[in-house]
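A.B. asks: Below is a structure I'd like to ask you about.
The values are calculated or read from the model by the stated rules, or taken from the named source; none is laboratory data. What you are looking at is a predicted structure, and each value in this text was computed from that prediction instead of being measured. No Cβ is skipped: glycine too gets one built from the backbone with ideal geometry, and neighbour counts run over all protein chains shown.
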There are 2 protein chains.
Amino acid sequence: MSFSQDNNLLAINEVEELTVNALRGLGLTATDAKDVAEILITADLMGIRTHGINRVLSYGERINVGGIKVNGSIEEERLSNSISRIKGDNSIGPLLGKKALSSSMKMAEEQGVGITFVNGSNHFGPIMPYCYYAAERGFASFICSNATTTIAPTGGKSPMFGNNPLGFGVPNPDGNHVILDMALSVVARAKIRDAKENNSSIPDSWATGTDGLPTTDPNEALKGLLQPVGGHKGYGLALVVDLLSGLLSNAAYLTHVKAWDKQPDQPQNLGHFFLVFDTKLLGSTDWLAERMNDFTKIIHSTSPINPDNPVILPGEKEQKLYEDNMEKGLSYSNKFISEMSSLASKSNSLL
Amino acid sequence: MSFSQDNNLLAINEVEELTVNALRGLGLTATDAKDVAEILITADLMGIRTHGINRVLSYGERINVGGIKVNGSIEEERLSNSISRIKGDNSIGPLLGKKALSSSMKMAEEQGVGITFVNGSNHFGPIMPYCYYAAERGFASFICSNATTTIAPTGGKSPMFGNNPLGFGVPNPDGNHVILDMALSVVARAKIRDAKENNSSIPDSWATGTDGLPTTDPNEALKGLLQPVGGHKGYGLALVVDLLSGLLSNAAYLTHVKAWDKQPDQPQNLGHFFLVFDTKLLGSTDWLAERMNDFTKIIHSTSPINPDNPVILPGEKEQKLYEDNMEKGLSYSNKFISEMSSLASKSNSLL
């Protein structure tokens, strides 16, 4: 462990120890804590720091008020050769996500394709780590989740669905998989808060005011709602994600989803959709690697608008960071480490 | 048949006869002609007139110069219990689309899920009719295709992928399925041509000029490229669609796709991706209908920005039109009918 005034650079095994112990302190079994830690640490390694191990603290707050269950009765039903459903019993999200990924990959190994629906879940971390693990084993993936209600449909001014994330992964046997992980708002709310602090206006495509109409005033925007990407197209995609992950999985959907920040003690009953298929059935590893490398080369050869910023593929930056950070380690603030250690100390007392 | 000066209102059986005979005149067998006609007529019924039976004429031009094959050797391979691949041998697109839908639904009936890849294809009509047929039989669907190269990646100024369409369908056993069918540009090029004719400027989100930068000048925009929805998010989605439908299906992708308007005599080698799964495995028909009706009701209850324009769901307008037009019939110009009849007359001489 190397120290600076405010930040500590931890080696990855130290990050793992800290995270697993903090999660055990919250009451998770060692196996469950490892599964959850793996997703959140992969997020940090990929530079997705908003969805990394910092989430252990907010998950912990909900566990403490009974909003998320530890050691719930998770049940997996096989509905057909290629479809399964996991009843999450309000367990911690990344644990259910890992189980869904395993279930869908197992069916895909047998049948070529596997779909797993999850209900009774919570925030499951970012999607990119799931797509990455699938790609590392030769599986292409399409994964999505619903979320707390924050966005209005096109033509409406009341929030009806979440900033629902969706992700796709396509493996390259040589590494450098293509992985897209996106939510359906034009920008995150944080960008509007930044504009407010800087007293600057915002593009009228970012958000609407309380009247439901586009606004360039960040103050109005913060009272209103985020706009989906591409107007009715983003609306349509967010709605489809809610149908696949919420409605069809027998979870909550639309306004039935409880807000974790407003009702932290209530089960959210979020749903997820995991689809994977085995690319090894489509051709040899060489065939796929050759095509994926050619694809990547063509995209990289795009004439750039700014020669200092060459065109990249989705997931390229994150996988580069993953490898770099694996070697370098990850840094966290003293304050955060001490909060995590405090959770971890409860784990020790449980041993 | 009822006449006005320029337009004829045809009953649907008359539209079918006209279309099937025109396609037979182009050399298709009766069975193949019926399959193709079904997709294109459904498009017209849904009000998607740009992708309706008017396409028979442009398909015919390519057939006449050898760019699309009639009576090619279409081969279907089963790659696993839940995956198949169709080698299209450069056949007419909607015929391959119908075969892919049948193949994926057959696997989904057996296994729960079916994925069918298609290569060696051409323009396959709009996606909504395929999702609609699947939904009518209780299958949810995700269908996409690559297309002629017209859009640049984010940060680039050369076109690398098409305005790739994708569609999702989720059935409601009571009818009124949710069906999203969208392409990935902010607007169609036709809207920019309209602005040019009206001497009006365009929003800077629609297109880029030759320098790759956003422009509000329709003249510059027509020399440049369409922008994908949501910037890098639309870019990511278009790229994923190309990977699923083009690269993984063993079809052409990115700049390997030939332009049908510039090289009409060359096979495009487009690819499609068809995924369907059986919603009847997830719960009873009553369970699904109740949830879909509740979902629809909640969306309809959204407080509208303009009370005259209530919020609707994707595919709602098109399915309403479908039913109305089924009764009323469809109108076509005299000129178009005479061109179709002229093709059809070749069919009669073949009998």
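A.B. asks: Of everything in the range A:94-121, what is buried (at least 24 other Cβ atoms within 10 Å of the Cβ) and closer than 22 Å to A:H256 by Cβ? Give them in sequence order.
C.D. replies: Answer for the range A:94-121, where residues must be buried (at least 24 other Cβ atoms within 10 Å of the Cβ) and closer than 22 Å to A:H256 by Cβ: A:L96, A:G97, A:A100, A:T116, A:F117, A:V118, A:G120, A:S121.
A.B. asks: Criterion first (modelled with pLDDT of 95 or more and farther than 17 Å from B:H177 by Cα) does B:G329 satisfy it?
C.D. replies: Against the criterion (modelled with pLDDT of 95 or more and farther than 17 Å from B:H177 by Cα), B:G329 qualifies.
A.B. asks: Only one residue in B:L57, B:L9, B:L18 is more than 23 Å from B:I127 (Cβ to Cβ), surrounded by fewer than 20 Cβ atoms within 10 Å (Cβ to Cβ) and touching a residue at least 40 places away in the same chain (Cβ under 8 Å), so which one is that? If you could, list the steps in order and put the result at the bottom.
C.D. replies: Numbers: B:L57 fails: more than 23 Å from B:I127 (Cβ to Cβ); B:L18 fails: surrounded by fewer than 20 Cβ atoms within 10 Å (Cβ to Cβ).
Matching residue, one of B:L57, B:L9, B:L18: B:L9.
A.B. asks: Now for a separate question. Test each condition in (1) outside any loop (DSSP other than H, G, I, E, B); (2) within 11 Å of chain B (Cβ to nearest Cβ) for A:A221 and report the one that comes out false.
C.D. replies: If we test A:A221 against (1) outside any loop (DSSP other than H, G, I, E, B); (2) within 11 Å of chain B (Cβ to nearest Cβ), just (2) comes out false.
A.B. asks: Pairs, please: C-beta under 9 Å, at least 6 apart or cross-chain, first residue under 27 Å from B:R49 (Cα atoms) and in the range B:294-322, second of a type in the set (S, T, Y) and not in a helix (DSSP H, G or I)?
C.D. replies: B:P310/B:T302; B:V311/A:T154; B:V311/B:S301; B:V311/B:T302; B:V311/B:S303; B:I312/A:T154
A.B. asks: Restricting to the range B:29-71, give me the number of residues that are in contact with a helix residue (DSSP H, G or I) (Cβ under 9 Å, 6 or more places away or on another chain), at pLDDT 95 or above and over 30 Å from B:R189 (Cβ atoms).
C.D. replies: Summing the residues that are in contact with a helix residue (DSSP H, G or I) (Cβ under 9 Å, 6 or more places away or on another chain), at pLDDT 95 or above and over 30 Å from B:R189 (Cβ atoms) in the range B:29-71 gives 4.
A.B. asks: Just wondering, is there one or more residues in the range A:229-238 that are among the aliphatic types (A, V, I, L, M) and at pLDDT 95 or above?
C.D. replies: yes
A.B. asks: Do any helices (runs of 4 or more DSSP H) lying entirely in the range B:236-351 carry at least 3 residues that are surrounded by 13 or more Cβ atoms within 10 Å (Cβ to Cβ) and away from chain A (no Cβ under 14 Å), and which ones are they?
C.D. replies: So the answer is B:316-328, B:334-350.
A.B. asks: Here is a check on your reading of the model: is B:L254 touching a residue at least 24 places away in the same chain (Cβ under 8 Å) and touching a helix residue (DSSP H, G or I) at 6+ places or on another chain (Cβ under 9 Å)?
C.D. replies: yes
A.B. asks: Still on this model: Given the conditions (1) assigned to a loop (DSSP other than H, G, I, E, B); (2) among the β-branched types (V, I, T); (3) modelled with pLDDT of 95 or more, which single one is not true for A:V187?
C.D. replies: It fails just one condition, (3).
A.B. asks: Could you pull out the residue among A:A238, A:A195, A:A259 that is on the phi < 0 side of the Ramachandran plot, more than 25 Å from the chain's Cα centre (by Cα) and among the hydrophobic types (A, V, I, L, M, F, W, C)?
C.D. replies: A:A195
A.B. asks: How about the range B:63-92: which of its residues are of a type in the set (V, I, T) and assigned to a loop (DSSP other than H, G, I, E, B)?
C.D. replies: Scanning the range B:63-92 gives B:V65, B:I68, B:V70, B:I74, B:I92.
A.B. asks: Looking only at the range B:177-202, count how many residues are without any contact (Cβ under 8 Å) to a residue 40 or more places away in the chain and more than 9 Å from every other protein chain (Cβ to nearest Cβ).
C.D. replies: 16
A.B. asks: Within the range A:224-235, how many residues turn out to be within 11 Å of chain B (Cβ to nearest Cβ) and either crowded, with 22+ Cβ neighbours inside 10 Å or in a helix (DSSP H, G or I) (or both)?
C.D. replies: 8
A.B. asks: Still on this structure, please answer the following. So, in the range A:187-217, of the ones that are touching a helix residue (DSSP H, G or I) at 6+ places or on another chain (Cβ under 8 Å) and under 26 Å from B:P307 (Cα atoms), which residue ends up surrounded by the fewest Cβ atoms within 10 Å (Cβ to Cβ)?
C.D. replies: Top of the filtered list is A:T210.
A.B. asks: Quick one: in the range A:64-85, of everything that is in contact with a Ser or Thr (Cβ under 6 Å, 6 or more places away or on another chain), within 14 Å of another protein chain (Cβ to nearest Cβ) and not basic (K, R), which residue is surrounded by the fewest Cβ atoms within 10 Å (Cβ to Cβ)?
C.D. replies: A:S84
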